[in-house]
Amino acid sequence: MHPTPSTTGEHLVIVGNGMAGHRLVEALLARPQRPARITVIGAEAAPAYNRILLSPLLAGEMEREALTLRNADWYAEQGIELVLGERVETIDRAARRLTTDAGRTLAYDRLVLATGSQPARPPVPGLDLPGVHVFRDLDDADALARAAERGGSAVVIGGGLLGLEAAEGLRKQGQGKRGMAVSLLQRDDRLMNRQLDVTAARLLENELRGRGLDIHTDAELECLEADEGGHVCAARLADGTRLAADCVVVAIGIVPNTELGRRAGLEVNRGVIVDEWLTTSDPAIHALGECCEHRGATYGLVEPIWRQVEVLAERLCATGTEKVAGYVEAPTATKLKVSGVALYAFGPTEPEPDHEVLSYRDPQQGDYRRLLLRDGRLEGAVLYGDTAAGPWYFEQALAGRDLGACRPALLLGAADAQALLDDAATDSPTSPVKEAA
C-alpha cells in the first residue's frame, strides 16, 4: 500500500523519468504528505535507471538490470501513474493541460519539468554521418557495444569525464573480441582540464596510454570524413592528422533540454530559469536538474541536483504555513568512474598568487596529492591514486576550518591530520577539557 496522500487533491505531473524525476518521486513518497495524484511521463521506453552506470555497462562490467532504479510495478504499487515512451509536445499554461506526441492530454495543478539534457555537438562537418554516436542513454550504450564487437577503430571527441568513460568503455568492450583501437581527442592541453592540475592530468594520461588508448591533446577537429557508402571512416585534425574511424563518439558536454519550456513561453536562458524554490516564471510550473538554470548556473553533477530535489519536495508538500528553505549553491567534488583509476578533486585547478600549495608524490605507488590553502583554510584539492582522504579534505573545505594546527600532517592523510586537530582542540585554553581540568 502506498502512503496516505495529502488531502489537497492536487494533480502533480512530472515530465521526465530520468534520475532527477525519479529522485523527486522517492522524496515525495518519503514525506508524510504528498500530492494526492502523481503522474510521471518519460520519453524513454524503460523505467528510470542510473545513467551514471552507463560507463561500466558499456565496459561489460555490469548487467543491464543492475541499472534499473524501480520497475514499472513499483510505481503502480505506490499509486503513481507512469507513462513511458511518450514525449510531451505542448503545454497549455492557461488551461493547465499538456499534450504528448501520442495525442494523450493531461490536466495538472502543478507541473515539474525534469527533461534533462542532450549531448552538445561541435560545429564540425560530417557530424551527421552514419556511425557518429553520442553517449547518453541505454540505446547509445547498446549501439556502442555493438560497434565495439565489430572491432575496427573508434574516435572519441572529448577529454572530460564522459569522454574518458566512453573511450575506456569501448576499449574494454572490444577486448577479447575483434578488438577496437580507440583514439581520444581533447582540445585542451590536458585531460579533465576543469578538474585536474597538469601533474594529475599527466598521470592519468600515462595510465590510459598504458592501457592502449591513443590520446591526442591540443587537438582541433577539422572534419569527419565518409567512405564511398556514406559511413564515417576518419577524423581529420587541423594539423593534418588523419585518424581512421569506424565509429565516432561525441562526448564534449551537455546542453539543457529547454525546448518544451521555451514553447510554453517560460523564461529561458541556457536552461529554464528558476528561483530558489525551483519555480519557473509560471508559479504552477517548476524545473529541476539538468534542464534548469539558477542564478546563471546549470547542472551536470548529481550532488546539486539531489539538493534541488529536497528543496522542491518540501515545496510541493508544504501546507502553506511552514517556511521552506530555498536552494543554495555549494561546492561539489569530482570522481572519475573508470575502473582501476582513482581520482578525487574539488576547487580551483590552478593556484592563485596568495594560495599556499602543498604537494606530495610517490611515483612508485602512483600517488599524488596537491592542496591549495588560503590563510590556513583548504580551498582545493587534487588526489590521484590514493583518494581515501578526499572526502575528509572536502569536509574541511566546506566547513572553512582553519587547518594550521595540522598543516605538517595534511598530506599524510585524514587520520593523522585529524589527530593533530583533536590535540590542538584539547590543548586550547578555551576547550571544555582544559576548563574542566
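The values are calculated or read from the model by the stated rules, or taken from the named source; none is laboratory data. This is a predicted model, so every value here is computed, not measured. Here Cβ is always computed from backbone atoms with ideal geometry, including for glycine, and neighbour counts include all displayed protein chains.
When you go through ASP275, ASP246, ASP214 one by one, which is the residue that is more than 30 Å from LYS172 (Cα to Cα) and not hydrophobic (A, V, I, L, M, F, W, C)?
Working: ASP246 fails: more than 30 Å from LYS172 (Cα to Cα); ASP214 fails: more than 30 Å from LYS172 (Cα to Cα).
Being more than 30 Å from LYS172 (Cα to Cα) and not hydrophobic (A, V, I, L, M, F, W, C) holds for just one of ASP275, ASP246, ASP214, which is ASP275.
Given the criterion outside the structural domain of GLN173 (by TED's automatic domain parsing), within 23 Å of GLU165 (Cβ to Cβ) and touching a residue at least 24 places away in the same chain (Cβ under 8 Å), identify the matching residue among LEU373, LEU336.
Values: LEU373 fails: within 23 Å of GLU165 (Cβ to Cβ).
Residue meeting the stated conditions: LEU336.
On the basis of being among the charged types (D, E, K, R) and not in a helix (DSSP H, G or I), does ARG202 make the cut?
no
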Which residues, taken from segment 58-111, are in contact with a strand residue (DSSP E or B) (Cβ under 7 Å, 6 or more places away or on another chain), in a loop (DSSP other than H, G, I, E, B) and closer than 30 Å to VAL338 by Cβ?
LEU69
Any chance you could count how many residues in segment 368-395 are in contact with a helix residue (DSSP H, G or I) (Cβ under 9 Å, 6 or more places away or on another chain) and assigned to a strand (DSSP E or B)?
13
Just to be sure, is PRO353 under 18 Å from ARG262 (Cα atoms) and exposed (fewer than 14 other Cβ atoms within 10 Å of the Cβ)?
no
Cβ-Cβ below 6 Å, separation at least six or inter-chain, first residue in segment 294-323 and of a type outside the set (Gly, Ala, Ser), second in a helix (DSSP H, G or I): which pairs?
TYR299/GLU290; TYR299/ILE305; ILE305/ALA20; ILE305/GLY289; VAL309/ARG23; VAL309/LEU24; VAL309/ALA27
Check on ASP416, touching a helix residue (DSSP H, G or I) at 6+ places or on another chain (Cβ under 9 Å), acidic (Asp, Glu), under 18 Å from ARG370 (Cβ atoms) and in a helix (DSSP H, G or I)
yes
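Taking GLY326 as the residue in question, decide whether it is surrounded by 13 or more Cβ atoms within 10 Å (Cβ to Cβ) and assigned by TED's automatic domain parsing to the domain that holds ALA399. Before the answer, list the steps.
Working: surrounded by 13 or more Cβ atoms within 10 Å (Cβ to Cβ): yes; assigned by TED's automatic domain parsing to the domain that holds ALA399: no.
Spelling it out, it is not the case that GLY326 is surrounded by 13 or more Cβ atoms within 10 Å (Cβ to Cβ) and assigned by TED's automatic domain parsing to the domain that holds ALA399.
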For segment 259-297, which residues satisfy the criterion of being of a type in the set (Gly, Ala, Ser) and either surrounded by 22 or more Cβ atoms within 10 Å (Cβ to Cβ) or modelled with pLDDT under 95 (or both)?
GLY261, GLY271, ALA287, GLY289
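Is it true that some residue in segment 310-317 is of a type outside the set (Lys, Arg), out of contact with any Leu (no Cβ under 9 Å at 6 or more places or on another chain) and within 27 Å of CYS291 (Cβ to Cβ)? Lay out the reasoning, then the answer.
As a first pass, look at segment 310-317 and keep what is of a type outside the set (Lys, Arg): 310-314, 316-317.
Applying the additional criterion that residues be out of contact with any Leu (no Cβ under 9 Å at 6 or more places or on another chain) yields 310, 314.
Applying the additional criterion that residues be within 27 Å of CYS291 (Cβ to Cβ) yields 310, 314.
Within segment 310-317, one or more residues are of a type outside the set (Lys, Arg), out of contact with any Leu (no Cβ under 9 Å at 6 or more places or on another chain) and within 27 Å of CYS291 (Cβ to Cβ).
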Taking GLY380 as meeting all but one of (1) modelled with pLDDT under 75; (2) crowded, with 19+ Cβ neighbours inside 10 Å; (3) not charged (D, E, K, R), write down the number of the exception.
(1)
Do any strands (runs of 3 or more DSSP E) lying entirely in segment 217-277 carry at least 1 residues that are over 22 Å from the mean Cα position of the chain (by Cα) and among the charged types (D, E, K, R), and which ones are they?
221-226, 232-237, 242-244
Which of the residues spanning segment 134-159 are over 19 Å from ARG187 (Cα atoms) and either part of a loop (DSSP other than H, G, I, E, B) or not small (Gly, Ala, Ser) (or both)?
ARG136, ASP137, LEU138, ASP139, ASP140, ASP142, LEU144, ARG146, GLU149, ARG150, GLY151
Of (1) hydrophobic (A, V, I, L, M, F, W, C); (2) within 24 Å of HIS216 (Cα to Cα); (3) out of contact with any helix residue (DSSP H, G or I) (no Cβ under 9 Å at 6 or more places or on another chain); (4) surrounded by 17 or more Cβ atoms within 10 Å (Cβ to Cβ), ALA154 satisfies all except one. Which?
(3)
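Let's see how each residue does on (1) within 30 Å of GLY163 (Cβ to Cβ); (2) surrounded by 14 or more Cβ atoms within 10 Å (Cβ to Cβ); (3) under 23 Å from the mean Cα position of the chain (by Cα):
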| position | (1), (2), (3) |
| --- | --- |
| LEU69 | yes, yes, yes |
| ARG87 | yes, yes, yes |
| TYR108 | no, yes, no |
| THR115 | yes, yes, yes |
| ALA120 | yes, no, yes |
| HIS133 | yes, yes, yes |
| ARG146 | yes, no, no |
Selection over segment 198-236 where residues are crowded, with 17+ Cβ neighbours inside 10 Å, of a type in the set (A, V, I, L, M) and farther than 26 Å from ARG146 by Cα yields a count of 5
Output the residue which, of all residues in segment 173-191 that are basic (Lys, Arg) and at pLDDT 95 or above, is nearest to VAL249 (Cα to Cα).
ARG187
When the residues of segment 293-312 are filtered to those that are closer than 12 Å to GLY21 by Cβ and not β-branched (Val, Ile, Thr), which remaining residue is farthest from the chain's Cα centre (by Cα)?
LEU312
